[in-house]
Each structure stands twice: as C-alpha cells, then as structure tokens.
Amino acid sequence: MDSTSALRDLYCAALPSVEREPLPKLPHGLYPFVWRVSAPQQLRLCLLTALVFPLSMVPLELQRRIVNGAVQNGEVNLLLALGVVYLAVLLLQGALKYVRNFYLGRVSEGVIRRLRTRVLRSLGADEADAEEVGSRISMIAAETEKLGGFVGESLAQPLLSAGILLTVAGYMLWTEPFVALVAFAFFVPALVVAPWLQRAINRHAKARTEHMRELSNRVVGSPGSESRGNGGESNNGNGNSNGELDAMIQRIYDTRVRLFAVKFFAKFFNNFMGNLGQIAVLVAGGVLVVQGKTEIGIVVAFMSGFERISEPARELMNFYRQQAQMRVQYRLLQEVVPTVEQVPEGRSRRSPEPARKG
C-alpha cells in the first residue's frame, strides 16, 4: 500500500493535472491563455515530446543497414541483431508516445473542466438574459471542448511534428542531398496554397459558430410552445416561428457544407502532392541506383523517410488551420463570458441582490 501511494505521489509530482479553479479573467490572446492555464503541464509535454522525435531517425538508418549490409552480404546474425535493435527502438518510441499522448489527454480534459466551470459561474455573475444563457449553453456543450482540446496540444503537437520533420529531413540531406531536394520540392506548393485555403475555412467556421449561438439564443429565449391557430404557423413561445428556426438550421447546414468543400479539397491537394513526392523519390533514386551513384538501401530508407516527413508536414498544416480556428473561437468566447470572481470550490456564484430602500 505504501509503495502504491509513493508511486501515485511520484506520478502526480512528475505529471501534475490542471487546476480546477477557473481564471477570474480570460487573458487577451489565445497563447497567453494557454500559458496562464497550463504552463507547468506544457513544459512537461514539451520535454516528453523532445524525447520522442529524435528516435524517428533511427529506423531509417536501420533499414538502410539491413538492406545494404545484412541482406546483400547474407549476414544472418547481423540481420537478427539489427532486427532486435529495430524492435527495441519501436517499443521505446511507442512507450514514450503512449505516456505523452495520455498526459496530453489529461491536460486537455483538465482545461475543458476549468473552462466549463468558468462558463457556469459566469451565468450567475450578472443578470444574464435568456439569449446570453443560450450562448453559454452552446459554449458548455461544444465550444469549450474544442478550445480545451487545443490547449493540450498547442505546444507539444507542433513541436513533435516539426521535430520529426527536421530530424528526418536532416538525415535525408546528409545521406543523399539530390534525392532529398527533389522530394522536398513537392512541399512548396502545399505551403503556398495552405494560407489561402485557411482563410476560407476560418470564415466558414466563424459563421457556423455564430449561427449556432443565434439558434441557441432563439430556442432558449422562452420555454414552451404555442400555436397561432389551426391554420396558423407554429410558434415556439418567444415570437420565433418554426419557419424562422428552420431557416436558421438551413443556414447552418449550408455553411457547414461549404466548410466541408474547402476542408476536403485542402486534404485532397496535400495527399496528391505527397504521392507525387513519393514517386519523385522512387524515380530519382532509381536513376541513381542504375547509374551506380547510390545504393538500393538508400532508396528504401528514403521511401520510408518521405512518408515519415509527409505525415508531420500534414499535421503541421492541420495544426495551422486548427490554431487559426481556435483564435477565432477564443475571441468569440471572450465576447460572451464576463469577468467573474473566484469562489471556493463547491459553492455557486450568485448575482448580488439590489439594495432595498427604507
């Protein structure tokens, strides 16, 4: 029992959770908020990430040595030894990724818990009308989860993707510069097109969030339902006809469909350029092998290496899109949630009653 408690204390000290008590006031920008709400956790996530990405280069060198050394020379003992080393590297990298991803999930959920507490307390911080309540219900249900999930990976995810990308790219340039440069050339169009597509995605995402809040405000405005008569149009009790609500739902649908069109075109374009890059590696490397200027093991390692840099490159572009969306989401959150005072845990915050005369 003592050893279990000691391990639990060590785990909590090494990987602490996010505090429960919400901030009394949201910082001005997204990343100031990330730092204020989870600075100790972000440092630990970055440390775990820094331990993961250097290992991404080792399998490429092992593949090259297996093909060029063990297989071509028929050395079975060397082949088995390299296989064992390969397995050990994969297990170590997988274990580190598991610990990192699990902790990242804990941090995200801790921030979501803190944000939801913040929004709930703001309901009693002023005389919020029904429309404000509708907006905050929308935030509690969905928006805080998106924002809190982003906070967990706001530093660790780009660090991991950029670290793997630079590590593998450096290895490829060191091993065979010409083939590496041919492969990297196919990343340039994606880097040029990504910001243009992102502006369109941001515009549709912001419109969708605003439409969702407006719908929540209209529905929560007044409970109950009534009818204008047998031949009249149904009314939801606050002056909004079902036709008006249907039109709002249709606007949300149209905005979401336009968002899908841009989002999946960006995904198609990135995947297409990635496949072209793999073909370029295969052709350029094959020509060098035929001319006797490189080894077949390098081509094998480069095919694997290009896949290893394609994935983090896509993740970086996805992160760029997500970061831009979360900046918009955070600004919308700041506009709705007022400043509230901190209160002891377990108590609810209520609006002060007006002073009575006499």
**Item:** Residue check, I201 part of a helix (DSSP H, G or I), open to solvent by 60 Å² or more (accessible area, probe 1.4 Å), at pLDDT below 80 and of a type in the set (A, V, I, L, M, F, W, C)
**Value:** no
**Residues within segment 306-315 that are under 13 Å from L166 (Cα atoms) and surrounded by fewer than 19 Cβ atoms within 10 Å (Cβ to Cβ), tallied** = 1
**Filter pass, R64 being over 19 Å from G305 (Cα atoms), basic (K, R) and out of contact with any His (no Cβ under 6 Å at 6 or more places or on another chain)** = no
**Prompt:** Going through segment 92-108 one residue at a time, which ones are surrounded by fewer than 16 Cβ atoms within 10 Å (Cβ to Cβ) and among the aromatic types (F, W, Y)?
**Reply:** Y98, F102
**Search result, residues across segment 122-170 that are open to solvent by less than 30 Å² (accessible area, probe 1.4 Å), assigned to a helix (DSSP H, G or I) and at pLDDT below 75** = S122, G134, S135, R136, S138, M139, E143
**Message:** List pairs: first residue in segment 1-22 and farther than 16 Å from G105 by Cβ, second residue open to solvent by 50 Å² or more (accessible area, probe 1.4 Å) and assigned to a helix (DSSP H, G or I) anywhere in the structure, Cβ distance under 7 angstrom, at least six positions apart or on different chains.
**Reply:** R20/R113
**Asked** Do we have any residue at all in segment 245-252 that's more than 30 Å from Y330 (Cβ to Cβ) and either open to solvent by 40 Å² or more (accessible area, probe 1.4 Å) or modelled with pLDDT of 55 or more (or both)?
**Response** yes
**Fill in**
Among residues of segment 302-358 being within 28 Å of the chain's Cα centre (by Cα) and assigned to a loop (DSSP other than H, G, I, E, B), the residue modelled with the lowest pLDDT is T339
**Message:** Against the conditions (1) modelled with pLDDT under 75; (2) surrounded by fewer than 14 Cβ atoms within 10 Å (Cβ to Cβ), where does V192 fall short? Just the number, please.
**Reply:** (1)
**Request:** Return the pairs, sorted by first residue and then second, in which the second residue is at pLDDT 75 or above, the first residue lies in segment 207-226 and is aliphatic (A, V, I, L, M), the beta carbons are less than 6 Å apart, and the residues are 6+ apart or on different chains.
**Result:** A207/T255; L215/M248
**Residues satisfying the stated conditions in segment 255-270, i.e. under 19 Å from the mean Cα position of the chain (by Cα) and closer than 10 Å to A190 by Cβ** = A266, N270
**Fill in**
In segment 46-78, residues that are open to solvent by less than 20 Å² (accessible area, probe 1.4 Å) and aliphatic (A, V, I, L, M) total 4
**Request:** Answer yes or no as to whether L43 is part of a helix (DSSP H, G or I), open to solvent by 80 Å² or more (accessible area, probe 1.4 Å), over 30 Å from L166 (Cα atoms) and of a type outside the set (K, R).
**Result:** no
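The values are calculated or read from the model by the stated rules, or taken from the named source; none is laboratory data. In this text, all values refer to a predicted model and were calculated from it rather than measured experimentally. Cβ sites come from the backbone with ideal geometry, for glycine too, and all protein chains shown count toward neighbours. Remember, those area values only see protein heavy atoms, side chains included, never the ligands or the DNA or RNA. Shrake-Rupley method; radii C 1.70, N 1.55, O 1.52, S 1.80 Å.
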